[in-house]
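The values are calculated or read from the model by the stated rules, or taken from the named source; none is laboratory data. What you are looking at is a predicted structure, and each value in this text was computed from that prediction instead of being measured. Methodologically, a virtual Cβ is constructed for each residue, glycine included, from the backbone with ideal geometry; neighbour enumeration extends over all protein chains shown.
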Amino acid sequence: MKLKIDTSAVSFVCTRSPEQRIAYDTGQPKVDRETGQPLWQVQLMALDASGADVIAVTVPGDPNIAVGRPAHVEGLVALPWSQEERSGVAFRADSLRAAGAPLAGVIAPQKVSPSLASPSGTGKPAA
């Protein structure tokens, strides 16, 4: 059963870089049955008037979004699942794209400062 989610009053922010979904049994990328596009999983913070939750959303095609970027999510659905004694909710969207400038103060990957690099160019501090 797919449960459609109204996202009109929800803001989303990417909190982890997208990762391609891989099939456990074959080690091959998972693909969308309808479009044939590879599936990606993106961790998002969903924020509304009641607070925030972090959710993982699967989307067809590379969402091309970076950590800290607001996101626009279309066609979000919740898919309740149960397997043996485990159960949960998976989230899937028709599309996901960046929707604005990165949020100020979000931690970005650190760059190596040229002053810390050794004269040999190995990237290690000189002794």
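Quick one: is Ala46 assigned to a strand (DSSP E or B), surrounded by fewer than 17 Cβ atoms within 10 Å (Cβ to Cβ), of a type outside the set (S, T, N, Q) and free of Cβ contacts under 8 Å to residues at least 40 places away in the same chain? Walk me through it before giving the result.
Numbers: assigned to a strand (DSSP E or B): yes; surrounded by fewer than 17 Cβ atoms within 10 Å (Cβ to Cβ): no; of a type outside the set (S, T, N, Q): yes; free of Cβ contacts under 8 Å to residues at least 40 places away in the same chain: yes.
No; evaluated as a whole, the condition is false for this residue.
Which residues, counting only those in the stretch 63-88, are surrounded by fewer than 12 Cβ atoms within 10 Å (Cβ to Cβ) and of a type outside the set (Phe, Trp, Tyr)? Full working, then the answer.
First pass over the stretch 63-88, keeping only residues surrounded by fewer than 12 Cβ atoms within 10 Å (Cβ to Cβ): 64, 74, 80-88.
Within the stretch 63-88, Asn64, Glu74, Pro80, Ser82, Gln83, Glu84, Glu85, Arg86, Ser87, Gly88 meet the criteria.
State which residue is surrounded by the fewest Cβ atoms within 10 Å (Cβ to Cβ) when the search covers only the stretch 13-43 and only residues that are touching a Leu at 6+ places or on another chain (Cβ under 8 Å), of a type outside the set (Lys, Arg) and closer than 30 Å to Leu103 by Cα. Spell out how you get there, then give the answer.
As a first pass, look at the stretch 13-43 and keep what is touching a Leu at 6+ places or on another chain (Cβ under 8 Å): 13-15, 20-21, 29-32, 42.
Those left that are additionally of a type outside the set (Lys, Arg): 13-15, 20, 29, 31-32, 42.
Keeping just the survivors that are closer than 30 Å to Leu103 by Cα gives 13-15, 20, 42.
Working: Val13: 22, Cys14: 25, Thr15: 17, Gln20: 11, Val42: 23.
The residue in question is Gln20.
Confirm whether Ala93 is over 16 Å from Ser17 (Cα atoms), at pLDDT 95 or above and over 14 Å from the mean Cα position of the chain (by Cα). Step through it out loud before you land on a result.
Numbers: over 16 Å from Ser17 (Cα atoms): yes; at pLDDT 95 or above: yes; over 14 Å from the mean Cα position of the chain (by Cα): no.
Answer is no for this residue.
Could you please find all residues in the stretch 104-124 being surrounded by 10 or more Cβ atoms within 10 Å (Cβ to Cβ) and either more than 24 Å from Thr15 (Cα to Cα) or at pLDDT 80 or above (or both)?
Within the stretch 104-124, Leu116, Ala117, Ser118, Lys124 qualify.
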